[in-house]
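A.B. asks: What follows is a structure written as structure tokens; I'll ask about it next.
The values are calculated or read from the model by the stated rules, or taken from the named source; none is laboratory data. Given the structure is predicted, the values throughout are model-derived calculations rather than measurements. Positions of Cβ are backbone-derived with ideal geometry, glycine not excepted, and every protein chain shown enters the neighbour counts. SASA here: full protein model, heavy atoms, side chains in, ligands and nucleic acids out. Shrake-Rupley method; radii C 1.70, N 1.55, O 1.52, S 1.80 Å.
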Amino acid sequence: MREMDIELNSILVDTYHYILKMEETQKKYTRTKLSFRDRNALELIEGSDNGKRISDIAEFLKISKPSATSVIKKLAKLGFVEKSPDGSDERTTYAKITKRGRLMCAYQRQYRNSMALNVADTLTGEEYEGFKKGLRNLNMFFEESIEHTEKRGKNR
């Protein structure tokens, strides 16, 4: 491995650990106790006027329907969403955002915007474009890795 690659690997490992630590810290020191998965579900629901079906949430988060049901139960218990049955199909449940849920989403956006501005303000235009390209490539790597792992898991 080249020295540059070793340094990049170290930075990526540190970033991953900081993300995990941030999630742990937020869960420990805030009243909401939300994981990143919970927050992602909440934002998905916020983006829909009529709410989201549990199956849609499961698909978006790439988790099972029972796991998505647990996420929604937690969000409902905390007052961020309301569950409501589909009038035409009793088996289908919708999760709709509450005012408290909208406030949480606004807080999340503010935090992420602050993070992005903090990074962007330290970069030149060329560095900024390179950074975005690198993050897109990292996301593509993760997406391909997930797909590969899922295919291998299904073939077992």
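A.B. asks: Condition first: at pLDDT below 90, among the hydroxyl-bearing types (Ser, Thr, Tyr) and over 19 Å from the mean Cα position of the chain (by Cα). Now tell me which residues in the stretch 1-53 satisfy that.
C.D. replies: The answer is TYR29, and nothing else.
A.B. asks: Can I ask one more? Taking into account only those residues within the stretch 51-79 that are of a type outside the set (Gly, Ala, Ser), out of contact with any strand residue (DSSP E or B) (no Cβ under 7 Å at 6 or more places or on another chain) and not in a helix (DSSP H, G or I), which is surrounded by the most Cβ atoms within 10 Å (Cβ to Cβ)?
C.D. replies: Going through the qualifying residues, I end up with LEU78.
A.B. asks: Looking only at the stretch 32-50, count how many residues are in contact with a Leu (Cβ under 9 Å, 6 or more places away or on another chain) and open to solvent by 50 Å² or more (accessible area, probe 1.4 Å).
C.D. replies: Selection size over the stretch 32-50: 3.
A.B. asks: Let me ask something else about it. Tell me which residues, restricted to the stretch 17-50, are in a loop (DSSP other than H, G, I, E, B) and β-branched (Val, Ile, Thr).
C.D. replies: Hits for the stretch 17-50 are THR30, THR32.
A.B. asks: Also: When you check ARG102 against the structure, is it touching a residue at least 24 places away in the same chain (Cβ under 8 Å) and either under 21 Å from ILE19 (Cβ atoms) or open to solvent by 60 Å² or more (accessible area, probe 1.4 Å) (or both), yes or no? Show your work before the answer.
C.D. replies: Values: touching a residue at least 24 places away in the same chain (Cβ under 8 Å): yes; either under 21 Å from ILE19 (Cβ atoms) or open to solvent by 60 Å² or more (accessible area, probe 1.4 Å) (or both): yes.
In short, yes.
A.B. asks: Separate question: Run down GLU90, GLU82 and say which single residue is in contact with a strand residue (DSSP E or B) (Cβ under 7 Å, 6 or more places away or on another chain), open to solvent by 100 Å² or more (accessible area, probe 1.4 Å) and not in a helix (DSSP H, G or I).
C.D. replies: Going through GLU90, GLU82 in turn, just one is in contact with a strand residue (DSSP E or B) (Cβ under 7 Å, 6 or more places away or on another chain), open to solvent by 100 Å² or more (accessible area, probe 1.4 Å) and not in a helix (DSSP H, G or I): GLU82.
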